[in-house]
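*Asks:* Please find one structure pasted underneath; my questions will follow.
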Amino acid sequence: MDKKLRKAVIAGNWKMNKTPEQTEALINGIKPLVASAECDVIVCVPFVCLDAALKAAEGSNIKVGAQNCHWAKSGAFTGEISADMLASMGVPYVITGHSERRTYFGDTDVTVKNRTRAALDAGLTVILCVGEHLEQREQGTTFEVVRAQVKIALGEVSEQELERIIIAYEPVWAIGTGKTATAAQANEVNKAIRELIGELYSKASADKTVIQYGGSMNGANAAELLAQYDVDGGLIGGASLKAAEFASIVTAASK
Ligand code: 13P
């Protein structure tokens with residue numbers, strides 16, 4: 001990444017892991033290991049762990065995020081959580097568009113756009129996830145797929161609001177599979193996303209936008225991925241559940 005233009009962001013996505021008690025323990029484990037980080041550090045925890053996470057992270061450089069939010073302010077949406085609810089708790093970040101939400105819970109480019117819009121309206125910063133499936137990569141449509149996902153999700157986002165958007169490129173075939181994209185593959189898609197931001201907004205905004213890579217990033221491969229010009233951080237699943245390994249990725253991003 002270009003440290004003169006952007007600050008790296010390392011975010012853990014804990015997915016459906018950890019109880020509130022375990023959340024407190026893991027954050028207490030991570031805290032001393034990342035205290036001198038020169039990148040932003042975020043943990044995105046299950047809804048029921050947000051309160052414990054906020055308390056455990058208080059006074060530290062660890063920020064807390066949720067993993068999804070609904071697009072309506074309130075209403076008859078059993079089982080959903082609104083962006084306003086997150087904001088009222090003091091949660092600053094939320095993930096939208098994760099491929100697991102798209103695959104298992106029917107999220108589409110349009111609902112991702114709506115969730116992103118609601119999160120911005122509530123004052124949150126969004127980690128917007130995009131990425132192609134294996135068949136799409138094999139068919140050579142990766143760039144079209146990812147460009148469309150980004151373009152639709154940002155359809156109602158102003159240039160000023162873009163400062164509260166982090167984009168996470170997560171190739172679906174690399175998530176939880178141990179099969180990481182090569183550093184070159186990650187960089188070329190991130191670069192294409194940055195070029196699209198330049199087309200949609202401006203070169204200045206494209207230069208400022210943080211674009212992460214996610215998909216089997218771990219302590220062993222983080223340094224090479226993060227050394228790429230257009231890879232500005234990581235969205236980490238499995239490896240974010242172990243304090244020392246997550247911290248080693250934060251250390252790699254701080255160099
Ligand atoms: P893994 O790091 O477990 O592959 O998960 C990546 C991810 O989906 C982060 O959002």
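*Asks:* Does at least one position in the range 66-84 carry a residue that is within 16 Å of the ligand (Cβ to nearest atom), small (Gly, Ala, Ser) and modelled with pLDDT of 95 or more? Give the steps one after another, and end with the answer.
*Replies:* Initially, the range 66-84 is screened for residues within 16 Å of the ligand (Cβ to nearest atom), giving 66-69.
Subsequent filtering for residues that are small (Gly, Ala, Ser) retains 66.
In the following step, the residues that additionally are modelled with pLDDT of 95 or more were identified as 66.
Checking the range 66-84: at least one residue is within 16 Å of the ligand (Cβ to nearest atom), small (Gly, Ala, Ser) and modelled with pLDDT of 95 or more.
*Asks:* Could you list all residues from the range 208-245 that are on the phi < 0 side of the Ramachandran plot, touching a helix residue (DSSP H, G or I) at 6+ places or on another chain (Cβ under 7 Å) and either surrounded by 24 or more Cβ atoms within 10 Å (Cβ to Cβ) or among the hydroxyl-bearing types (Ser, Thr, Tyr) (or both)?
*Replies:* Thr209, Ile211, Tyr213, Met217, Ala222, Leu225, Leu226, Tyr229, Val231, Gly234, Ile236, Ser240
*Asks:* Restricting the search to the range 7-29, which residues are away from the ligand (no atom under 15 Å from the Cβ) and of a type in the set (D, E, K, R)? Can you show your working first?
*Replies:* First, the residues of the range 7-29 that are away from the ligand (no atom under 15 Å from the Cβ): 7-8, 19-29.
Residues satisfying the conditions are Lys7, Glu21, Glu24.
*Asks:* Would you check which residues across the range 90-116 are surrounded by fewer than 20 Cβ atoms within 10 Å (Cβ to Cβ) and of a type in the set (Lys, Arg) and list them?
*Replies:* Selection gives Arg101 alone.
*Asks:* Right, something else. Every residue in the range 58-83 that is acidic (Asp, Glu) and under 24 Å from Val9 (Cα atoms), please.
*Replies:* Of the range 58-83, the ones acidic (Asp, Glu) are 58, 80.
Correct list: Glu58 only.
*Asks:* Report, ordered by the first and then the second residue, all pairs with beta carbons closer than 9 Å, sequence separation of six or more or different chains, a first member in the range 165-183 that is over 14 Å from Val9 (Cβ atoms) and of a type in the set (Phe, Trp, Tyr), and a second member that is near the ligand (Cβ under 8 Å from one of its atoms) and modelled with pLDDT of 95 or more.
*Replies:* Correct list of pairs: Trp173/Gly215.
*Asks:* Looking at the range 66-79, which of its residues are touching a Cys at 6+ places or on another chain (Cβ under 8 Å) and either surrounded by fewer than 20 Cβ atoms within 10 Å (Cβ to Cβ) or hydrophobic (A, V, I, L, M, F, W, C) (or both)?
*Replies:* Here is the first cut: in the range 66-79, the residues touching a Cys at 6+ places or on another chain (Cβ under 8 Å) are 66-67.
If the condition is that a residue be touching a Cys at 6+ places or on another chain (Cβ under 8 Å) and either surrounded by fewer than 20 Cβ atoms within 10 Å (Cβ to Cβ) or hydrophobic (A, V, I, L, M, F, W, C) (or both), then Ala66 is the only one that fits.
*Asks:* What residue, among those in the range 103-129 that are over 18 Å from Gly155 (Cβ atoms) and of a type in the set (S, T, N, Q), is nearest to the chain's Cα centre (by Cα)?
*Replies:* If we take residues in the range 103-129 being over 18 Å from Gly155 (Cβ atoms) and of a type in the set (S, T, N, Q), then Thr125 is nearest to the chain's Cα centre (by Cα).
*Asks:* Sticking with this one: Could you grab me the full set of residues in the range 186-202 that are of a type outside the set (Val, Ile, Thr), over 18 Å from Gly237 (Cβ atoms) and touching a helix residue (DSSP H, G or I) at 6+ places or on another chain (Cβ under 9 Å)?
*Replies:* Answer for the range 186-202, where residues must be of a type outside the set (Val, Ile, Thr), over 18 Å from Gly237 (Cβ atoms) and touching a helix residue (DSSP H, G or I) at 6+ places or on another chain (Cβ under 9 Å): Asn187, Glu188, Ala192, Arg194, Glu195, Leu196, Gly198, Glu199, Leu200, Tyr201.
*Asks:* Check the range 108-119 and report whether any residue there is touching a Cys at 6+ places or on another chain (Cβ under 6 Å) and not small (Gly, Ala, Ser).
*Replies:* So far as the range 108-119 goes, yes, one or more of its residues are touching a Cys at 6+ places or on another chain (Cβ under 6 Å) and not small (Gly, Ala, Ser).
*Asks:* Would you check which residues across the range 181-195 are over 18 Å from the mean Cα position of the chain (by Cα) and among the β-branched types (Val, Ile, Thr) and list them?
*Replies:* Listed by number, the list holds a single entry, Thr182.
*Asks:* May I ask you to list pairs of residues, at least six apart or on different chains, whose Cβ atoms are under 6 Å apart, with the first in the range 124-150 being under 12 Å from Trp173 (Cα atoms) and the second being among the aliphatic types (A, V, I, L, M) and modelled with pLDDT under 95?
*Replies:* The qualifying pairs do not exist here.
*Asks:* Having 3 or more residues that are more than 16 Å from the ligand (Cβ to nearest atom) and out of contact with any strand residue (DSSP E or B) (no Cβ under 8 Å at 6 or more places or on another chain) is the bar; report the helices (runs of 4 or more DSSP H) wholly within the range 151-255 that clear it. Before the answer, list the steps.
*Replies:* Details: elements: 183-200, 203-208, 222-226, 243-254.
Because the criterion is at least 3 residues that are more than 16 Å from the ligand (Cβ to nearest atom) and out of contact with any strand residue (DSSP E or B) (no Cβ under 8 Å at 6 or more places or on another chain), the helices (runs of 4 or more DSSP H) in the range 151-255 that meet it are 183-200, 203-208.
*Asks:* Which pairs have Cβ atoms under 6 Å, sit 6 or more apart or on different chains, and link a residue in the range 227-250 that is under 21 Å from Ile211 (Cβ atoms) to one that is among the acidic types (Asp, Glu)?
*Replies:* Ala239/Glu245
The values are calculated or read from the model by the stated rules, or taken from the named source; none is laboratory data. Remember, it's a predicted structure, so these values are computed and weren't measured experimentally. So basically every Cβ, Gly included, is an ideal-geometry build from the backbone, and we count neighbours across all protein chains shown.
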